[in-house]
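Scroll down for the structure; my scribbles are underneath it.
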Amino acid sequence: MSFTFGFQINDEDREVLDVEGQHILESPDAQQCPPPLPAKEILVSSCELHPPDSEATCQLRLHDGEVLRYITSPGSTTYQELSASSSDLIPNVYEGGMKVWECSVDLVQYLSETALSWSGLKVLELGCGAGLPGILALAKGSERVHFQDYNEEVLQRVTIPNIVLNTGLEVSTARCRCFAGDWSAVQKMLTEDLTLSDDKYDIILTSETIYNTDSYQKLHDLMKSVLAPHGTVYLAAKTHYFGVGGGTRLFEEFLQKEDFFHSEVCKVYSEGVNREILKIGIKKS
């Protein structure tokens, strides 16, 4: 399966072909984008939750036999409009969170087959969308799991319903927090909230978030600000995003240049488009 982002662009924007001959739209001029969204906490208890129809949910069966459920048809005006326009992403407007992306499933499967001791850990999922990796961490006994997505509506219509669907409302309210907005704004909010080093995150999870090289600095700075000194980032992404320019090799080069994190490839998926999981940690001084 080839990866595409269906940008809404003007006629003067160019089209390119990926290696399989599919049309990929190049990222529109950054000057045409609206300003980034501010940070905002979305309370789990404030969302209107309705039991989804069985036809509107899917199951993801993991290697250890566990099953995660997720909503496939969120009741969202944004989702309906984007579906009608065949757009998967509109820069600084909608960042693709209504869909379950391939590398998110890779990350969930990898974590389910890896001998991690989740009990008592503090976890953050960045660019969470459906939130499946974070939900797995919650189900495995993490002390708290925080979810971030660019869009408030994604958290309200997809992430939080998925959390409740898998863990129940009581667990979701007690051990989860959700944040919407641009990474720079969320960094400021979380940094003010995490006053002690012990409050920082032991694990950061993120998938399909490095397709745009322009966002690398924001992602790097956010991870640097909130990851505990002993912490680990698990990042799942495609080796190269045809048409939009990012990928794991470019992100690793960026990390080397910044000289704060070390990284290693801990899993490679070669079927379809090449995908990888990076394990990232803070360099020892």
Could you compute the FRET efficiency for S117 and V268, with r as their C-beta to C-beta distance and R0 at 22 Å, rounded to 0.05?
0.35
Computed from the beta carbon distance with a Förster radius of 45 Å, FRET efficiency for R69 and T195 to the nearest 0.05 stands at 0.80
For an R0 of 25 angstrom, estimate the FRET efficiency from the Cβ-Cβ distance between T239 and Q217 and round to the nearest 0.05.
0.75
Keeping all protein chains in the complex and leaving out DNA, RNA and ligands, what accessible area do you get for E41 with a 1.4 Å probe, in Å² to the nearest 10?
60
With every protein chain kept in place and a 1.4 Å probe, the residues R61, R175, R144, R157 fall, from largest accessible area down, as R61, R157, R175, R144
As a quick test, which of the pairs K40/K99; K99/K224; K200/K224; K257/K284 have an alpha carbon distance above 18 angstrom in this structure?
K40/K99; K99/K224
Compute the relative contact order of region 245-285 as a whole-number percentage, counting only Cα pairs closer than 8 Å that sit 6 or more residues apart in sequence.
35
For labels at S184 and E258 in the simple 7 Å Cα→Cβ model, what's the distance in nm?
1.4
Probe 1.4 Å - accessible area at S117, Å² to nearest ten
90
What part of the accessible area of region 175-285, given as a whole %, is carbon or sulfur when the probe is 1.4 angstrom?
49
Rank by packing, highest mean first: peptides 200-206, 65-71, 215-221, with packing defined as the count of other Cβ atoms within 10 Å averaged across residues.
200-206, 215-221, 65-71
Fully extended contour minus Cα-Cα distance, from K279 to R61, at 0.36 nm per residue
76.1 nm
From highest to lowest solvent-accessible area (probe 1.4 Å; ligands, DNA and RNA excluded), K99, K267 read K99, K267
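The values are calculated or read from the model by the stated rules, or taken from the named source; none is laboratory data. In this text the structure is predicted, and so the values were computed from the model without any measurement. Glycine also receives a Cβ, built like all others from the backbone with ideal geometry; neighbour counts cover every protein chain displayed. All accessible areas refer to the heavy atoms of the entire protein, side chains included, with ligands and DNA or RNA removed. Shrake-Rupley method; radii C 1.70, N 1.55, O 1.52, S 1.80 Å.
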